[in-house]
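Presented below is the structure to which this report refers.
The values are calculated or read from the model by the stated rules, or taken from the named source; none is laboratory data. Just so it is clear, the model here is predicted, and its values are computed rather than measured. Neighbour counts run over all protein chains shown; Cβ positions are idealised from the backbone, glycine included. Note: accessible area is taken over every heavy atom of the protein model, side chains too, but ligands, DNA and RNA are not part of it. Shrake-Rupley method; radii C 1.70, N 1.55, O 1.52, S 1.80 Å.
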Amino acid sequence: MVPCPYGHGKMHGLGRVEGQDPLGVFVAETFLCLVCGYRQERHPVYVDDAPAPRPDQETKGMMNSSSSAYLNVPTVLLEHLPIGIAIFDAHLVLQRSNRLWARFIEGYNLLSPEHVEPGAHLYDLIPGSETQLQRLISQVLRGESVQQEAFGIYSQGVTYYWDLSLAPLIGNGQKQGFVLVMSDATDRKLADRLLSERETQYLSIFEATTDGLLILSPQRVVVEANPAACRLYGYAISELVGQDAQVLLSAAHQAALEAAIEEVATRGEFLVQGLGMHQNGTPLHVELHGVPFSYRGQPHVLVVARDITEQVQAYQLLEQRVEERTHELSTLLEVSNNIVSTLELKPLLNLVLEQVKTVVDYTFASLTILGEERVEVVDWHAPTPSPGPPRRLRSSTLMQALDQIIEQKTPIILANVPTDPHPLNADLLLMQRAGAAIDEEDLCCWMGVPLLFRDRVVGVLSLNHADPGYYTPRHASLTLAFANQVAVAIENARLYEQARELATLHERQRLARELHDAVTQTLFSASLIAEVLPFLWEENPEEGKRRLEDMQRLTRGALAEMRALLLELRPSGLIETPLSDLLRHLTDALTGRTRLRAELTIHSTPRLLPAEVQMTLYRIAQEALNNIIKHARATRINVLLNFQPEHVMLEIQDDGRGFDQSSVPPDHFGLQIMRERAQTIGAHLHIESQPQVGTRIAIVWQAEKDRKRA
């Protein structure tokens with residue numbers, strides 16, 4: 001068996017006698033693939049062998065005087081070739097046959113082996129074939145070699161197909177018989193029929209598929225194309241066939257296509273996308289998928305061409321929309337950050353309309369804020385600036401115009417204001433009455449968007465554009481997202497103003513308490529001493545002198561308290577004033593307000609500290625001194641401030657009654673506050689205290705580089 005060169009398995013071999021001489025015959029072989037129909041011919045070969053054995057008595061009686069000619073046919077030819085061979089005389093009587101031929105006849109005619117013996121007549125062996133075989137036998141008896149492929153014989157309700165080869169046997173110059181070579185062609189015939197049916201099916205699929213199909217030869221020439229491919233490129237079938245593969249893609253993509261076709265033999269397929277060209281010059285995006293393909297027994301490439309123009313355009317549109325959305329969202333995020341970072345209400349309201357234009361374009365815009373008792377147009381932008389500020393409008397007038405937005409809490413779009421009978425047109429008239437210079441042609445398309453905070457409308461953002469139908473639901477959703485951020489920012493600004501007002505009030509109350517508790521009482525005590533001092537001096541100069549010293553101490557303490565309060569009112573003063581001076585104000589004020597002896601000691605040269613560090617150390621010292629006054633019952637306080645190159649240490653020590661640190665009441669937060677303050681600057685706070693011994697508080701702060709080194 002010989003393999004099919006296209007990978008369809010083994011091919012079937014057929015033999016036929018091309019000629020003979022007294023010692024041998026010339027046999028030619030044909031190999032056929034039943035799948036693809038590939039046929040391979042081989043040159044005739046000469047086969048010889050020893051003379052055949054002598055026939056038995058029954059065979060002798062059936063032979064004529066020329067039977068010796070038949071006996072010279074080589075035995076190897078009869079028994080070993082993969083084909084059926086039989087020898088008949090001129091009277092169509094069987095003289096010899098090989099086993100394969102006998103099996104053909106037995107299977108075809110349902111004969112037993114003893115019937116297929118020399119002496120049987122051809123028509124008895126193959127009944128019903130007289131008419132079909134007569135022409136072939138007549139030709140061979142005239143000395144011609146005859147071949148008949150797929151010779152059909154009907155038997156037992158089944159049609160069998162044989163390949164026949166008939167060659168004359170000539171002896172002593174006369175035609176003594178013929179050789180009949182047979183091979184079963186039924187399987188091949190059925191395969192051919194199936195192949196023909198499949199070819200018809202494939203052709204119908206090839207013609208009917210909606211994808212373009214093209215067959216390229218090894219020379220990259222279009223040898224076949226279906227109607228879809230012709231429609232895709234705008235050619236008739238006769239115009240497309242014969243074209244070079246370059247017709248599939250434009251010149252810019254030729255290199256990729258050629259490389260893909262080169263690699264199809266090794267990779268098994270290729271997939272290329274590029275720009276093609278219709279015959280009329282219209283560009284189109286195509287996808288080419290190629291696979292190896294056998295066409296008419298030769299290797300070709302089958303290319304599936306698909307128009308992906310709509311897919312490419314859809315993808316490009318998607319990318320464009322993604323880019324637009326990304327830009328919108330990034331712009332919205334940036335604008336929102338700008339809006340939210342502005343805590344003062346008036347600058348915020350002025351910023352809103354400026355920032356919204358970067359998100360959604362407009363010709364004229366206004367911002368309306370809803371209060372508890374009034375509706376106020378707080379800002380607007382127009383092509384022609386208004387000479388004066390916006391005017392507050394009565395709630396009853398504007399609320400009627402904006403009632404629908406407030407109730408529905410959703411944006412409203414008027415595609416064309418001059419022709420739209422919507423009652424919100426009154427809003428535009430109110431804007432004109434408020435002083436905005438609005439031309440009629442600038443008010444074609446209008447959009448109103450509520451400012452929502454916790455499901456409550458706090459205002460309305462009105463946008464107008466000169467182009468009718470300019471605003472779309474996408475603009476509305478984008479502006480609504482911006483408006484919600486504006487609403488949050490407005491509420492934050494309002495809360496910030498309230499917090500500032502409340503903080504100012506609390507600070508005023510604290511200062512009033514400080515003045516009353518410290519400065520006022522100190523000055524009151526000093527004034528009492530000053531009133532009685534003349535009388536005491538006359539009666540008891542020593543007592544008068546002591547009272548004079550008390551009055552000096554009180555006035556110095558009051559002066560220190562006032563300076564400390566002034567520094568509190570001016571926070572920058574706490575940063576700009578050296579820490580040593582700040583601590584001196586605290587100790588002087590404490591000494592003037594109480595009879596405690598508070599001494600301040602400064603080691604090394606004072607220097608300015610980082611603002612946060614200085615404020616923290618000052619507040620800790622202030623808290624510690626206040627705790628001593630309230631709880632310690634001390635008579636002496638020592639404050640030490642030690643400046644070193646690598647660190648600063650603040651130490652406060654008293655001789656009071658001390659305390660047990662494990663039994664501090666949970667509602668006393670002084671120590672915890674001091675610890676938290678120290679942690680914020682990375683300082684170490686150490687507290688030493690025992691009952692009836694006193695308390696020592698030490699805070700050590702190291703510079704950043706020294707902390708890293710440590």
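What's log10 of I(q)/I(0) for the stretch 159-285 at q = 0.15 Å⁻¹, Debye sum over Cα points only, no solvent?
The Cα Debye sum returns log10 ratios of -0.82.
Report the FRET efficiency, 1/(1 + (r/R0)^6), for Ser341 and Asp361, where r is their Cβ-Cβ distance and R0 is 30 Å, rounded to 0.05. Don't skip to the answer; put the middle values down first.
On the way: r = 24 Å, r/R0 = 0.80.
So, using R0 = 30 Å, E works out to roughly 0.80.
Just in the stretch 214-310: which GluC sites (Glu not before Pro) are loop by DSSP and have at most 15 other Cβ atoms within 10 Å?
Numbers: sites: Glu224, Glu239, Glu258, Glu262, Glu263, Glu269, Glu287, Glu310; in loops: Glu269.
Of the GluC sites (Glu not before Pro), the ones in loops of the stretch 214-310 whose Cβ has at most 15 other Cβ atoms within 10 Å are Glu269.
To the nearest 0.05, how large is the calculated FRET efficiency for Glu199 and Ser155 if R₀ is 30 Å and r is the Cβ-Cβ distance? Please list the in-between numbers first.
Details: r = 29 Å, r/R0 = 0.97.
Calculated value: 0.55.
In the full protein assembly as shown, how much of Ser580 is accessible to a 1.4 Å probe, in Å² to the nearest 10?
Near enough 10 Å² of accessible area.
In the stretch 583-670, which chymotrypsin sites (Phe, Trp or Tyr not before Pro) are in a loop and have at most 15 other Cβ atoms within 10 Å, using DSSP for the loop call? Could you put the intermediate results ahead of the total?
On the way: sites: Tyr618, Phe643, Phe659, Phe669; in loops: Phe659, Phe669.
Taking the stretch 583-670 and a limit of 15 other Cβ atoms within 10 Å, the loop chymotrypsin sites (Phe, Trp or Tyr not before Pro) found are Phe669.
In whole Hz, what ³J(HN,Hα) sequence does the stretch 189-196 give by Karplus (6.51, -1.76, 1.60; θ = phi - 60°), x for Gly and Pro?
Result, ordered by residue: 4, 5, 5, 4, 5, 5, 5, 5 Hz.
Over all pairs of distinct alpha carbons, what does the Kirkwood formula give as the hydrodynamic radius of the stretch 563-679, in Å? Present the calculation step by step, with values, prior to reporting the outcome.
Numbers: mean 1/r = 0.0663 Å⁻¹.
By the Kirkwood definition, the hydrodynamic radius is 15.1 Å.
Compute the whole-percent fraction of alpha carbon pairs in the stretch 145-217 spaced more than 20 Å apart. All intermediate terms of the calculation are to be shown ahead of the outcome.
Values: 1514 of 2628 pairs.
Of all Cα-Cα pairs in the stretch 145-217, 58 percent lie more than 20 Å apart.
Residues of the stretch 562-701: accessible area per residue at 1.4 Å, in Å²?
Details: 7320 Å² over 140 residues.
So the stretch 562-701 comes to 52 Å² accessible per residue, rounded to a whole number.
Local charge sum around Val303 (other residues, Cβ-Cβ under 12 Å, Lys/Arg +1, Asp/Glu -1)? Intermediate values should be presented prior to the final figure.
Numbers: positive: Arg220, Arg306; negative: Asp211, Glu224, Glu269, Glu287.
That works out to -2.
Could you check how much of the accessible area of the stretch 134-211 is carbon and sulfur, as a whole percent, using a 1.4 Å probe?
Values: 2060 of 4410 Å².
Whole-percent figure for carbon plus sulfur exposure: 47.
Across every pair of different alpha-carbon atoms, what Kirkwood hydrodynamic radius in Å does the stretch 88-234 reach? If you can, show how the numbers build up before the last one.
On the way: mean 1/r = 0.0533 Å⁻¹.
Its Kirkwood hydrodynamic radius stands at 18.7 Å.
Mean separation of Cα pairs under 8 Å and 6+ residues apart, divided by the residue count of the stretch 215-271: what relative contact order is that in percent? Show your work: numbers first, answer last.
On the way: 41 pairs, mean separation 14.1, N = 57.
Normalised by residue count, the contact order of the stretch 215-271 is 25 percent.
Return a whole-number percent for the relative contact order of the stretch 170-315, with Cα pairs under 8 Å and 6 or more residues apart as the contact set.
Details: 209 pairs, mean separation 27.5, N = 146.
Across the stretch 170-315, relative contact order equals 19 percent.
In nm, what is the difference between 0.36 nm times the number of residues separating Asn172 and Ser477 and their Cα-Cα distance? List each step's numbers first, then the result.
On the way: separation 305, 0.36 × 305 = 109.80 nm, distance 11.06 nm.
The Asn172-Ser477 span can extend by a further 98.7 nm.
Each residue of the stretch 653-662 in turn: what ³J(HN,Hα) in whole Hz from Karplus with 6.51, -1.76, 1.60 and θ = phi - 60°, glycine and Pro shown as x?
9, 10, 10, x, 7, x, 6, 8, 5, 7
As a test question: what accessible area, to the nearest 10 Å², does Trp162 have when a 1.4 Å probe is rolled over all protein chains in place?
For Trp162, solvent-accessible area is about 10 Å².
If contacts are Cα pairs under 8 angstrom and at least 6 residues apart, what is the relative contact order of the stretch 619-672 in percent? All intermediate terms of the calculation are to be shown ahead of the outcome.
Values: 48 pairs, mean separation 18.5, N = 54.
Once normalised by length, the contact order is 34 percent.
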